[in-house]
Amino acid sequence: MAQQPSIPKGTRDFTPTEMMKRNYIFDTIRSVYKTYGYLPIETPAMETLQTLMGKYGEEGDRLIFKILNSGDFKTSVESADYASATSLALANKFCEKALRYDLTVPFARFVVMHRNEIQLPFKRFQIQPVWRADRPQKGRYREFYQCDADIVGSDSLLNEVELIQIVDTVFCKFGINISIKLNNRKILTGIAEIIGEPDKIVDITVAIDKLDKIGIDNVNAELLEKGLTADEINTLQPIILLEGSNEEKFEKLKTILAPSETGMKGIAELEYIFGMLQNVSMQAAVQLDLTLARGLNYYTGAILEVKANDVEMGSICGGGRYDNLTGIFGMPGLSGVGISFGADRIYDVLNQLDAYPKDTKEATKLLFVNFGDAEVAYIMPIIAKLRKANIACELYPDAAKMKKQMQYANERNIPFVAIVGSDEIAQNKVMVKNMLTGEQTLMDKDELTSIHTA
RNA sequence: GUGCCCGUAGUUCAGCUGGUUAGAGCGUCAGAUUGUGGUUCUGAAUGUCGAGGGUUCGAAUCCCUCCGGGCACCCCA
């Protein structure tokens, strides 16, 4: 037997059925973005390696898919270097391009390159695939779509509020119950300050981020391992285990973080956001969650994450404020804030909930049975007219057995079949069969457009 | 990068203390029904048992290597 063809690990083909579901997801998100005034852009699948390296931390660098240079790349490395160089160093010589790892960094690059063409504040959305050389597992792919919306060039916290509204609207449309978790990087910084270990902020946040998963004892063990003293860990306990309503949490936090100016600023920012959200009716609960510590090292203010309530799945949407992302590309002082929907995880969640609207299952509305050229000649003008009226219809291409044609309609979820033979032609009518109920009605040619609403 | 589990018709799996010709459900195809699908009935096809090597009179079954898949950690959408 010939060798079975295959696709790379962590990538997927999408069948027509799957594509209709996926397009429903993209269309929904896109339409919400548009109603909030975001404009579409696209950027290339590949960026220069230089643009991407160093933006996602050490772990992120390792997960960037690099593209081998064309031509005789071997000459770019001296044989002496070859023996001593690390794989990473060699990769940097052999590759000057890489597949994008997310949409935020390419967007920052876009803003800097097009600074003279865009108007600030600039609101853009972008729905494109990204690639990560991760080991695939549940809810994790090597190629997946992100649906980003960002505002750059505005410090206003109203942007954060707006993005939360968007999140709520989108998941409302999908019918997915969610919790929105909110935190602020400044609060995390404040916490690190008051326990006297400002340098260990990353270790601390990474550890407390695992609270839900591994429990308080293991978190403390990890903190100890990272070099915190028992005293410092004790100071941290009331903060990690903070409970009650959002208001209660804020009150307690204000006392604890009083000595930290940064921490207090973070609290004030979040209080403003929560306050403004009172003015809009939200479906989802928004919770202050101090254990939320998104890994990306460019967030500086509010951070948010969305989890589905009824399905076991990693976060399906995330985002936050990054004050100086364009700075690394030579354009300092520009603040941005954005969110990203993980379309592929939303797809998995919707599949588990089976929460797709009916019409994502059907494409063609009406199939005309083919009895032969004489009948086709009668049908063709009718079909043309229906298509003009924006009704998706098709003619079975072969004069095959009727059974076969009916089967085709059935398998493709085509809701109506038009049967036109010599009898119908003689009466100048069309026989329409409703495939759901099995009912057949003899209709005038002009009546056919009414199935549009059926 | 680390650890664990799994590879048998298109698919989901059974068979695995080595022993004739490798099975089942679902799906596929054909017919019952030459102008009627989805239900029903009847019949049929389908496999280098992931690949290579070893042990044996004999391997889907035991051992080794490789390849592929899944899950968890790390990290993340």
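The values are calculated or read from the model by the stated rules, or taken from the named source; none is laboratory data. What you see is a predicted model, and the numbers here were worked out from it, not measured in a lab. Neighbour counts run over all protein chains shown; Cβ positions are idealised from the backbone, glycine included. Surface accessibility is based on the protein's heavy atoms, side chains included, excluding ligands, DNA and RNA. Shrake-Rupley method; radii C 1.70, N 1.55, O 1.52, S 1.80 Å.
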Taking Cα atoms only, Rg over Rh for segment A:247-345 with Rh from the Kirkwood formula is 0.99
Amide H partners (placed H, <5 Å) of A:ARG142, local residues excluded
A:THR11
By the scheme Lys and Arg +1, Asp and Glu -1, what is the net charge of all other residues having a beta-carbon under 11 Å from that of A:PHE274?
-3
At q = 0.07, 0.10 1/Å the base-10 log of I(q)/I(0) from the Debye formula over the alpha-carbon atoms of chain A is -0.51, -0.87
Along the Cα→Cβ direction, 7 angstrom out, place labels at A:ALA377 and A:ASN324. What is the inter-label distance in nm?
7.9 nm
For segment A:221-285 the trypsin sites (Lys or Arg not before Pro) that pass both the DSSP coil test and the at-most-16 other-Cβ-within-10 Å test are A:LYS226
Can you give the accessible area per residue of chain A, in Å², using a 1.4 Å probe?
51 Å²
Based only on Cα atoms, what Rg/Rh ratio does segment A:179-293 have, Rh being taken as Kirkwood's radius?
0.98
Which whole-Hz couplings ³J(HN,Hα) result when phi for each residue of segment A:226-231 is put into the Karplus expression 6.51 cos²θ - 1.76 cosθ + 1.60, θ = phi - 60°, listed in order with x for Gly and Pro?
7, x, 7, 7, 4, 4
Highest average packing first - A:16-23, A:82-89, Cβ atoms within 10 Å
A:16-23, A:82-89
Order these peptides, A:127-135, A:101-109, by their mean beta-carbon neighbour count within 10 angstrom, highest first.
A:101-109, A:127-135
Looking at segment A:363-452, what % of its DSSP beta bridges pair antiparallel, to the nearest 5?
60 percent
Sequence order, segment A:59-76: Karplus ³J(HN,Hα) from phi using 6.51 cos²θ - 1.76 cosθ + 1.60, θ = phi - 60°, Hz rounded, Gly and Pro as x, gives 4, x, 4, 5, 9, 7, 6, 9, 10, 4, 4, 7, x, 8, 5, 4, 5, 6
Can you tell me the Rg and the Dmax, both Å, for the Cα atoms in segment A:363-452?
11.7, 31
Can you work out ³J(HN,Hα) from phi for every residue in segment A:297-312, in order, using Karplus 6.51 cos²θ - 1.76 cosθ + 1.60 and θ = phi - 60°, giving whole Hz and x for Gly and Pro?
8, 9, 6, 10, x, 4, 10, 9, 8, 10, 10, 6, 6, 9, 9, 6
How big is the accessible area of A:ASP310 in square angstrom, nearest 10, if you roll a 1.4 angstrom probe over the protein chains?
100 Å²
Within segment A:182-289, GluC sites (Glu not before Pro) in DSSP loop having at most 13 other beta-carbon neighbours inside 10 Å:
A:GLU243
Quick one: which residues, 5+ away or cross-chain, put their amide H under 5 Å from the amide H of A:MET443? H built at 1.01 Å from N.
A:VAL430, A:MET431, A:VAL432
Report the label-to-label distance for A:GLN407 and A:MET443 in nanometres (one decimal), using points 7 Å from each Cα along the Cα→Cβ vector.
2.7 nm
Sticking with the crude label model, points 7 Å out along Cα→Cβ, report the distance from A:ARG12 to A:GLN137 in nm, one decimal please.
1.8 nm
